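Student: Here it is, the structure, as structure tokens.
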Amino acid sequence: SGGSGGSGGTTAPGAAGDVKIGMSVSTLNNPYFVQLRAGAEEEAKKLGVPLTVTDAQNDASQQVNQVQNFTSQNMKAIIVNPVDSDAAAPAVKAADRVKIPVIAVDRGVNGAEVAQTVASDNVAGGKLAAQELAKQMGEKGKVVVLQGVPGTSASRDRGQGFSEGIKAFPNIQVVAQQPADFDRTKGLDVMTNLLQSNPDISGVFAENDEMALGAIKALGAKAGKEVKVVGFDGTPDGLKAIQAGTLAASIAQQPKLLGQQAVDNAVKVAKGESIQKVVAVPVKVATKENIAEFTG
Amino acid sequence: MNQEILRVEGLRKRFPGVLALDGVDLELRTGEVHVLLGENGAGKSTLIKMLSGAYHPDEGRIVLDGRPVEIRTAGDAQRLGIATIYQEFNLVPDLTVGENLSLGRPPRRFGFVDVKAMHRKAKELLDRVGLDVDPRTRIGSLGIARMQMVEIAKALALDARVLIMDEPTAVLTTSEVEKLFAIVRQLRDQGVAVVFITHHLEEIAQIGDTVTVLRDGRSVAEVPANTPENELVRLMVGRPIDQQYPRAAEEPGQALLKVEGLTRRGAFEDVSFEVRAGEVVGLAGLVGAGRTEVARAIFGADRYDSGQVEVDGRRLRPGDIDGAMAAGLGLVPEDRKGQGLLLGADIAENLGLVTLGRATHAGFVDRAGQRTAAAKVAGQLGVRMSGLGQEVRTLSGGNQQKVVIGKWLLADVSVLILDEPTRGIDVGAKVEIYQLINSLTASGHAVLMISSDLPEVIGMSDRVLVMARGRLVGELPADEATQDAVMALAVAEVEGTRVQ
Amino acid sequence: MSSKTRVWLSENGALVALVVLAVALSLLSSDFLSVSNLLNVGVQAAVTAILAFGATFVIITGGIDLSVGSVAALSAITLAYLSTTSGLPWPLATLIALAVGVVCGLANAALIAYGKLPPFIATLAMLGIARGLALVISQGSPIAMPDEVSHVGDTIAGYLPVPVLVMVVMGVIAAVILNRTYVGRAMYAIGGNEEAARLSGIKVNRMKLVTYALSGGFAAVAGIVLASRLASAQPQAAAGYELDAIAAVVIGGASLSGGKGRAFGTFVGALILAVLRNGLNLLSVSAFWQQVVIGVVIALAVLVDTLRRRSAN
Amino acid sequence: MSSKTRVWLSENGALVALVVLAVALSLLSSDFLSVSNLLNVGVQAAVTAILAFGATFVIITGGIDLSVGSVAALSAITLAYLSTTSGLPWPLATLIALAVGVVCGLANAALIAYGKLPPFIATLAMLGIARGLALVISQGSPIAMPDEVSHVGDTIAGYLPVPVLVMVVMGVIAAVILNRTYVGRAMYAIGGNEEAARLSGIKVNRMKLVTYALSGGFAAVAGIVLASRLASAQPQAAAGYELDAIAAVVIGGASLSGGKGRAFGTFVGALILAVLRNGLNLLSVSAFWQQVVIGVVIALAVLVDTLRRRSAN
Ligand SMILES: Nc1ncnc2c1ncn2[C@@H]1O[C@H](COP(=O)(O)OP(=O)(O)OP(=O)(O)O)[C@@H](O)[C@H]1O
Ligand SMILES: Nc1ncnc2c1ncn2[C@@H]1O[C@H](COP(=O)(O)OP(=O)(O)OP(=O)(O)O)[C@@H](O)[C@H]1O
Ligand SMILES: [Mg+2]
Ligand SMILES: [Mg+2]
């Protein structure tokens, strides 16, 4: 039922100028989402459609407000990058009532039907991170986890994937899990503190690259040598760190591609074309070996 | 009638660094006005605050109707029939007169505040004290004397058996004092016991029946109110004072302060006068005559619409305090709590405030030097304190006033405007301040003194200017300035226009 | 202009700013002045406004309540947890959720009145504690709200959104409490001059308990409205809303030093914030610039008010 | 106990709380009391402490500065942008970054002193404006700091961290300004009674300009230290730090109604917050409970202080 939300039947195909699209990004305080937006904006420019991007500042209700405001503006399609998968449902329903198709990007929406979900699987990503970290640690040693903002779905899913994945390695022990709020400074401070009580760790999983980069700062010369750090997102700074050898790996989500795909499909659905229900943008483990694929 | 209603035995109260009360006894009878007399810091306010539930004694007991009572909160005191007018106002500036009058016990209907009844009651109370203001007026917009009248009305509202008044007349002019005394007499005749604190000795014989003298936290004597003033002074200060107003007039020099045609619509109009070097000029008038407004405008604290001010030949820009000070002008404001003091700061800090700029070299303040200067002036004024580090908030009212004056004395300005300078100051200390005024004029400075204390204006001024309804209505040389003459001028203008 | 109008205007300066803002937006965007959009604005203002009504009580007493956002989240999580996970009937769960808000407020007040803690510190501590408890109870995951309660987020008869209704009701309650009850008048007295209030026989500590309890209770209502709109209680909901709530109160004419403030002013303050965010979305202002514009407009709105008031004097 | 000691203790109550906290943590965790860990605490306190020193000036005058975190970020982004992207020499870029902080402070002060805006509103507006500008300049992405400046985040001679050094220097500057200069004494006077200060010839408006400019300047320094530690300037750096900074000042004994506060107290307040966070990490307290514990300990720390002070009287 890909075209279920298609209301743009009356729009003459080709008159792309009429297709206004609104996009609510969960936050722009994170380079990952800045990239997602950049991908979306590039694609919109290419297709010649006006795209409005708003920043929900990680606040689910602000996001609902923004989607409501989009409906007031007669957007032809709405892209939501949910702050929270559950909390986005009412926003989607509101759009549904006035028959505007919604595309969810990066995170899914629970409890409401969207026209399409463009996402990479955070739980799967967490598992991949566990496997890659284990591999680089020689499947043994102590690990600490730097958690994102407690209670956010990204933190939940990545953390869950990681703990499931790491269970497969009986010789790896998670000795501490502490929140650093997806923030580089906090990553640095928390890692510094954890090193006091756990000087003998050999692995770190950070639920995003920002915290991973903070942790690398804290680890100093140990990063990439005695201690392997795995991040998440594959941001430009993260990829640079992989090239430098300080970051062992990052679960690259290709945020630009997510943004591109979302806009591409939003324009299609607005024009009444039918689209796939799910677009899975692959997560990839970025390591020193395959870094060229990402930086190109 | 006159049976004992309240007795205080061996009351003791210690604050950090001071023994404020050191065993005070007091006996209060129905239908009497009992005057508490004592120097600044003797412990008068502390004593009455223990009767009103604001403080709790460390030792001693309070006996009401023959039974010992515990007064822990203001509510307790109210229930026991004790109402108090504090030395410092206890009004809420942002609320209306009506609300302040029923503060803490507004009339209610069906659980909701009955605003109409509140204003009706307020009107009655205001009429009783003869205050002509709308109950809907914000307290903050009233002058200080009107606030005092509201405080009095507020205490009357309680219908108390014991009414305590801590220096109610300090900010009132003669006519309000008259009104107040009429009310007090009426209450006394109804059998209310009144505790009355004042530093105006002449009031004692007028209104009092008995006097208890406090010295250094101890009750040293109980005497009848008709005891001669000299004797009272001796009991209070420990030595007699030969001359209450020791003005030593100088030959006036050139005009240091020239005010011409000063006008602010609605407040004062066409005020012109000058004050010459070596002169003390008094500014008298009824409450609300606009004296304070004129003084503030001259100093640059408020704007004015037209007219001009010159100090020592330099014309001042309106609203420029800094310029006024640079030209050598100073103002001791009338409201010490609101405009004079940093209540949370210590004495040294307050005394050094006006001279802060002068004590600064290359941005750095010579705090040691400031402290030395502060210690000197505090000694001159006889500020009763545990040390220069004492918080001003915890000083007695009179001693706070001395600090406000002291900081300007340190500034050594050529023209000093004093607005109610001796408000709440004891006789002994007043003389000290008058001596300081004398030495100011002796060294060629000029003083403009606003005061509602008529004997003081008359006793200390070389010339008296009288204001009424925002205008200067007359000028009297020292030898013609009698209380009657001044009042005649102050009232004449008013009577024709005020609607009662 | 009659003097009465002038007085009224000077007391409701924020309203002038709101009107100017609304007129400007309706000129700039044709979408702004539609009924549906205005109702959106109402809905979007609701949570902040309800929190701000509660904060108004506290600010009038001269205090501050930084915990309102966290308490809102904790109450909503409690409701959702008790009815969904523990299977309590929803009316009981709702009552308990409201009680949780009130208890948080009482805890704040106890620290402030009896522990003599500065309100900033006491409520900052509660900000952390309530948020932490919300996370602990929910294990960090959102919990679905019971359907019956979620209707609070719905629309009646197809156009009247319930959150707007709740906001108006809470606003009226706040106004009545402030203007007509003993507690309300005591709040002004305490904020205006605490010592005078105490010496006039007002039981200051007890009044503070009531004040902060009201703030907590209002926060609980706000939390329930918020969770109902999202049909799920989020442990991180309303994070940072305390600053918005306080801003609404201050824009509405209250003073953080106490003694001043009105429910209607607060309402207007909350509307200004909501209109501003709505307008910037409608005008498609870039995300980065939005914060700048919001800052500038807030400053201007209050500036216009203070300048007008000064020139009136 | 001699009376001098008693006075000193009652003025430095927060210190007692800090010592108790430190002793408790050293008993609970063997890792706490190592030199390296204590230096870590120092480094982690540095940014908050520097921001808080600036906020101390403002709070002493009876104001509040909510913009410090945003201004810190804007200054750091400016530095990084100018030197990395625009290729300006780093000393010039650093000077401009400091100037940006000062200008933000002056803008706050102008709104407050001449526009008569409540400090809460003026600085809340600046919070949004400065953050927005930081995002606009950086396009939302971190910018690398010039290497020369990044040394501010390093360690001298292998053990002395430069951020700690900067914190101490800024603290001493703050203490000297407050205790020894005209501006400092004027701040206390304005906070104690603005009208009395004005009538005593203090140029209140001009002093407010200086006060907020200092706060902005200190924020710029904090921002540079923060960015140096990470070797990159983040547009979202120091978000929410304003509450931490104000908390540090209040825990350190200042009153939000003005007239009171000391640089040393603020320093201790910032240390308490840093020790607390460090200790919770060392003890591996669960993420959800951390906020609860921080809240409880902050309340307890100040409570112990106020109760002790009361019993002393
Ligand atoms: N809260 C307090 N803390 C410390 N000392 C105090 C406090 N209250 C009063 N004192 C001190 O107690 C003494 C008595 O003060 P009190 O106010 O009773 O004097 P008073 O007789 O009313 O003087 P005045 O005529 O000046 O009003 C003074 O030395 C004063 O400094
Ligand atoms: N209740 C009031 N309502 C309106 N105006 C008032 C009121 N009280 C005072 N004013 C105005 O303020 C002016 C001066 O008041 P103020 O009381 O300061 O004068 P003053 O002569 O210094 O008297 P005081 O003896 O109280 O110092 C009055 O002329 C009047 O215009
Ligand atoms: Mg007294
Ligand atoms: Mg006067």
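Student: Between chains D and C, what is the buried accessible area summed over both chains (1.4 Å probe, protein heavy atoms, nearest 100 Å²)?
Tutor: 3400 Å²
Student: What ³J(HN,Hα) values, in whole Hz, does the Karplus curve 6.51 cos²θ - 1.76 cosθ + 1.60 give for segment B:333-342 when θ = phi - 60°, with x put for Gly and Pro?
Tutor: Whole-Hz 3J(HN,Hα) from phi for segment B:333-342: x, 7, 9, 5, 6, x, 10, x, 10, 8.
Student: Moving on to the next point. What residues have an amide H closer than 5 Å to that of residue A:52, excluding those fewer than 5 places away on the same chain, when H is modeled at 1.01 Å from N in the peptide plane?
Tutor: Under 5 Å from the amide H of residue A:52: A:21, A:22, A:23.
Student: So what are the ³J(HN,Hα) numbers for segment B:411-418, from phi and the Karplus equation (6.51, -1.76, 1.60; θ = phi - 60°), rounded to whole Hz, Gly and Pro as x?
Tutor: Taking θ as phi minus 60°, the curve returns 6, 6, 7, 7, 10, 10, 9, 10 Hz for segment B:411-418.
Student: With springs only between Cα atoms under 10 Å apart, run a GNM on chain D and tell me which of D:59, D:246, D:112 wobbles the most.
Tutor: D:112
Student: Further, regarding this structure: Near residue A:225, which lysines are there with a Cα under 22 Å away, not counting those fewer than 8 places off in the same chain?
Tutor: A:135, A:140, A:142, A:217, A:240, A:288
Student: Give the average, rounded to an integer, of partner chain Cβ atoms located within 10 angstrom of each Cβ in A:84-90.
Tutor: Taking all residues of A:84-90 together, the mean is 6.
Student: To continue, here is another question. Quick check: at a probe of 1.4 Å, how many percent of the accessible area of the protein assembly as shown sits on carbon and sulfur atoms?
Tutor: Within the protein assembly as shown, the accessible surface is 56 percent carbon and sulfur.
Student: At residue C:257, with labels set 7 Å past Cα in the Cβ direction, how many nm apart are the copies from this one, shortest first?
Tutor: With the label placed 7 Å along Cα→Cβ, residue C:257 yields 1.0 nm.
Student: Output ³J(HN,Hα) for segment C:270-283: one whole-Hz value per residue in order, computed from phi by the Karplus curve 6.51 cos²θ - 1.76 cosθ + 1.60 with θ = phi - 60°, and x for Gly and Pro.
Tutor: Once rounded to whole Hz, the list reads 5, 5, 4, 4, 5, 4, 4, 5, 4, x, 5, 5, 4, 7.
Student: Given H placed on each backbone N at 1.01 Å, which residues far from residue B:449 in sequence or on other chains put an amide H within less than 5 Å of it?
Tutor: B:281, B:282, B:283, B:418
Student: Using a 1.4 angstrom probe and counting only protein chains, how large is the accessible area of residue B:119 in Å², to 10?
Tutor: 30 Å²
Student: Okay, next question. With all protein chains present, calculate the accessible area of residue C:90 using a 1.4 Å probe and round the result to the nearest 10 Å².
Tutor: The value for residue C:90 is about 110 Å².
Student: Tell me: how much accessible area in total is hidden between C and A, 1.4 Å probe, Å², nearest 100?
Tutor: 2300 Å²
Student: Taking each residue in A:182-191, count the Cβ atoms of any other chain within 10 Å of its Cβ, then average. What number comes out?
Tutor: Per-residue shielding by partner chains comes out at 5.
Student: Comparing the chain by itself with all protein chains present, which residues of segment C:79-122 are at least 40 Å² less accessible (probe 1.4 Å)?
Tutor: At a threshold of 40 Å² (probe 1.4 Å), the residues of segment C:79-122 that become less exposed are C:116, C:117, C:120, C:121.
Student: Next question, about the same structure. Compare A:207, A:164, A:132 in a GNM of chain A, Cα atoms joined below 10 Å, and give the one with the largest fluctuation.
Tutor: Among A:207, A:164, A:132, the largest GNM mean-square fluctuation belongs to A:164.
Student: Students often forget the sequence filter, so: which lysines lie under 18 Å Cα-Cα from residue B:13 once same-chain residues fewer than 8 apart are removed?
Tutor: In chain and number order, the partners are B:44, B:49.
Student: Sum up the lysine pairs in chain D that clear both bars: alpha-carbon distance under 22 Å and a spacing of 8 or more or different chains.
Tutor: Lysine pairs, 8 or more places apart or on different chains, close enough: 5.
Student: Could I ask something else about it? Distances in nm, one decimal, shortest first, from residue D:139 to the same residue in every other copy, taking the label point 7 angstrom along Cα→Cβ.
Tutor: Result for residue D:139, in nm, nearest copy first: 4.3.
Student: Next question, about the same structure. With a 1.4 Å probe and all protein chains left in place, how much accessible area per residue does segment B:4-237 have, in Å²?
Tutor: 38 Å²
Student: In addition: Enter the mean number of other protein chain beta carbons within 10 Å of the beta carbon of each residue in D:71-77, as an integer.
Tutor: Rounded to a whole number, the mean comes out at 0.
Student: Express in % the proportion of alpha carbon pairs of segment D:217-313 at distances exceeding 18 Å.
Tutor: Percentage above 18 Å: 58.
Student: Can you bin every Cα-Cα distance in chain C into 20 Å intervals starting at zero and give me the percent of pairs per bin, rounded to whole numbers?
Tutor: 33, 57, 9, 0
Student: Over the Cα atoms of segment C:1-159, what is the Rg over Rh ratio if Rh follows Kirkwood?
Tutor: 1.07
Student: For chain C, with a Gaussian network of springs between Cα atoms less than 10 Å apart, report the residue from C:159, C:241, C:81 with the top mean-square fluctuation.
Tutor: Top of the fluctuation ranking is C:159.
Student: Another question, if that's okay. If ligands, DNA and RNA are left out, what is the accessible area of residue B:73 with a 1.4 Å probe, given in Å² to the nearest 10?
Tutor: Approximately 70 Å² for this residue.
Student: How big a patch of accessible area, both sides summed and in Å² to the nearest 100, lies buried between B and C at a 1.4 Å probe?
Tutor: Buried area (both sides, nearest 100 Å²): 1700 Å².
Student: Enumerate the amide H contacts of residue A:278 below 5 Å, restricted to partners 5 or more residues apart or on another chain; note that Pro and chain-start residues carry no placed amide H.
Tutor: Placed amide hydrogens put A:117 under 5 Å from residue A:278.
Student: Here's something else I'd like to know. Can you list the residues in segment C:210-254 whose accessible area drops by at least 40 Å² when all protein chains are present, compared with the chain alone? Use a 1.4 Å probe, heavy atoms only.
Tutor: C:229, C:230, C:234, C:236, C:241, C:243, C:250
Student: Just round it to a whole percent: the fraction of Cα-Cα distances in segment B:4-237 exceeding 22 Å.
Tutor: Summing the P(r) tail past 22 Å for segment B:4-237 gives 52 percent.
Student: While we're looking at this one, here's another question. Using only the heavy atoms of the protein chains and a 1.4 Å probe, how would D:114, B:86 rank by accessible area, largest first?
Tutor: D:114, B:86
Student: Still on this structure: Place the label 7 angstrom along Cα→C-beta at residue D:180 and in each other copy, then list the distances from the first to the rest in nm, shortest first.
Tutor: Taking the point 7 Å beyond Cα along Cα→Cβ, the inter-copy spacings are 6.2 nm.
Student: Related question: Convert 37 °C to kelvin, take the viscosity as 0.692 mPa s, use the Kirkwood radius over C-alpha pairs of the protein assembly as shown as Rh, and evaluate the Stokes-Einstein diffusion coefficient in µm²/s, rounded to a whole number.
Tutor: Rounded, D is 95 µm²/s.
Student: OK, next. What percent of all Cα-Cα pairs in segment B:255-490 falls into each 5 Å bin, going from 0 up to the bin containing the maximum distance?
Tutor: 1, 7, 15, 18, 20, 17, 12, 7, 3, 1, 0
The values are calculated or read from the model by the stated rules, or taken from the named source; none is laboratory data. For clarity, every value in this text was computed on a predicted model and none was experimentally measured. Cβ atoms come from the backbone with ideal geometry, glycine included; neighbour counts cover every protein chain shown. Note: areas computed on protein heavy atoms with side chains; ligands, DNA, RNA excluded. Shrake-Rupley method; radii C 1.70, N 1.55, O 1.52, S 1.80 Å.
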